[in-house]
1. Go through the range 190-226 and count every residue that is under 30 Å from residue 308 (Cα atoms), in a helix (DSSP H, G or I) and of a type in the set (Gly, Ala, Ser).
2. Check residue 100 against each of (1) closer than 28 Å to residue 126 by Cα; (2) outside the structural domain of residue 170 (by TED's automatic domain parsing) and name the one condition it does not meet.
3. Which one of the conditions (1) more than 10 Å from the ligand (Cβ to nearest atom); (2) touching a Gly at 6+ places or on another chain (Cβ under 9 Å); (3) aliphatic (A, V, I, L, M) does residue 174 fail to meet, given that it meets all the rest?
4. In the range 90-117, which residues are of a type in the set (A, V, I, L, M), within 8 Å of the ligand (Cβ to nearest atom) and under 21 Å from residue 212 (Cβ atoms)?
5. Is it true that residue 326 is within 12 Å of the ligand (Cβ to nearest atom) and in contact with a helix residue (DSSP H, G or I) (Cβ under 9 Å, 6 or more places away or on another chain)?
6. For residue 58, state whether it is over 16 Å from the mean Cα position of the chain (by Cα), closer than 21 Å to residue 19 by Cα and crowded, with 20+ Cβ neighbours inside 10 Å.
7. Being surrounded by 19 or more Cβ atoms within 10 Å (Cβ to Cβ) and either away from the ligand (no atom under 16 Å from the Cβ) or within 19 Å of the chain's Cα centre (by Cα) (or both) narrows it down to one of 210, 217, so name that one.
Amino acid sequence: MKNSLCAHNTLRLQASCDAIDTFDSLDKLRQCLLWSEQFARDALILGYGSNVVLPVFYPGMVLFNRISGVEVVSETDDHVHVAVGAGENWHNFVEHCIKNDWFGLENLALIPGSVGAAPVQNIGAYGVDVSKFLIQCDVYCRSTHNCYQMSSAECRFGYRDSVFKHHSKGQLVILRVHFLLHKMPQSQVTYPSLSRYLDSNQISHSPRSIFDAVVSIRNKRLPSVDNIGNVGSFFVNPVVSQARFDVLQSQFSCRFDHYVLADGQVKLFAGQLLRLLGWQAARCGAFSLFEQNALVMTHDGEGNQNDCLRFAALLQESVASVFGIELAIEPEVVAS
Ligand SMILES: Cc1cc2nc3c(=O)[nH]c(=O)nc-3n(C[C@H](O)[C@H](O)[C@H](O)COP(=O)(O)OP(=O)(O)OC[C@H]3O[C@@H](n4cnc5c(N)ncnc54)[C@H](O)[C@@H]3O)c2cc1C
């Protein structure tokens, strides 16, 4: 297939587009964007394609960000300010931090994708969101052709959410991301599955141990993107008010796994809701729910976006009709 994107999205969907290119500098990005104007749709900017559901055909260019570099901007006795090229591999960067004794990001080990995509959905895992350590994004605005800096507040981070998913969607290309990391370990081990793992294996709470533990837990709970098509969690874990949670808990005899967020709201686990309804390991054509983790949709064949979304709609309807909870799709569903 001409300009196939199959190898460029971790869900391995059958997909293609008018043209593909990569950029490793602002100049190259500008050239690519100029070239892309001949096509029907604006160029789609991707990192590693690990959080997208691509259409069968995208009538435009797909540009992969490969801007590299990790630079120490400044440091004090307590903190280090690091600026990172948006095309750097996220996990490699986290490992680099551990090796340099820059602490904070260890809970986010092994999340696939690029540094530049991390702010887009405010990636998070095991009780930590990237927004906790992110101080600035350097961006290029496609409509004004200007570069500028956005503070963490301007990124308007929320749970798996940021300004980049809303009114700035597609308009801003993240070129570099700035982090303020600790030089003294500040372990965050309150997340139930992480603390259980550390306690039961009598593992210390050092950043290196947490990094290793997270890698080990993730390797058991998630399929490798090298072997099985997937985008990690297919649905966002729903967040409800404490009052709504209490009603839900009183309506059903089962115990809902949950996690109380800093703002008092309660995060439920979409995987558990699907499991309770018997969807674990269910299959629909080339798509199934991963046996070890019902939140992960896997793809093992010739499926495309339409097939994938049909299965997703079935699951969403099922959860809504029983629990009255709307499951939102986590990866970006790119329109054709
Ligand atoms: C096995 C697996 C496990 C995962 N686990 C987690 C997890 O624990 N927590 C979590 O939060 N996520 C998780 N994810 C989702 C994914 O890893 C993250 O969302 C990651 O940040 C996506 O990076 P990417 O470079 O592949 O983004 P892409 O899929 O290439 O792009 C995602 C979105 O970001 C936009 N984008 C990408 N780069 C830029 C840029 N430079 N500027 C502006 N917009 C950009 C794209 O247009 C698109 O809308 C997981 C995915 C997989 C496959």
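1. Summing the residues that are under 30 Å from residue 308 (Cα atoms), in a helix (DSSP H, G or I) and of a type in the set (Gly, Ala, Ser) in the range 190-226 gives 2.
2. In the conditions (1) closer than 28 Å to residue 126 by Cα; (2) outside the structural domain of residue 170 (by TED's automatic domain parsing), residue 100 misses (2) alone.
3. Of everything listed in (1) more than 10 Å from the ligand (Cβ to nearest atom); (2) touching a Gly at 6+ places or on another chain (Cβ under 9 Å); (3) aliphatic (A, V, I, L, M), residue 174 misses just condition (1).
4. The answer is 108, 110, 111.
5. No; evaluated as a whole, the condition is false for this residue.
6. Against the criterion (over 16 Å from the mean Cα position of the chain (by Cα), closer than 21 Å to residue 19 by Cα and crowded, with 20+ Cβ neighbours inside 10 Å), residue 58 qualifies.
7. 217
Each row is one residue, and each column tells you yes or no for (1) surrounded by fewer than 17 Cβ atoms within 10 Å (Cβ to Cβ); (2) among the polar types (S, T, N, Q); (3) not assigned by TED's automatic domain parsing to the domain that holds residue 300.
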position	(1), (2), (3)
156	no, no, yes
163	no, no, yes
173	no, no, yes
177	no, no, yes
192	yes, no, yes
195	yes, yes, yes
199	yes, no, yes
205	yes, no, yes
223	no, no, yes
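The values are calculated or read from the model by the stated rules, or taken from the named source; none is laboratory data. What you see is a predicted model, and the numbers here were worked out from it, not measured in a lab. Here the Cβ is made from the backbone with ideal geometry for all residues, glycine too, and neighbour counts use every protein chain on show.
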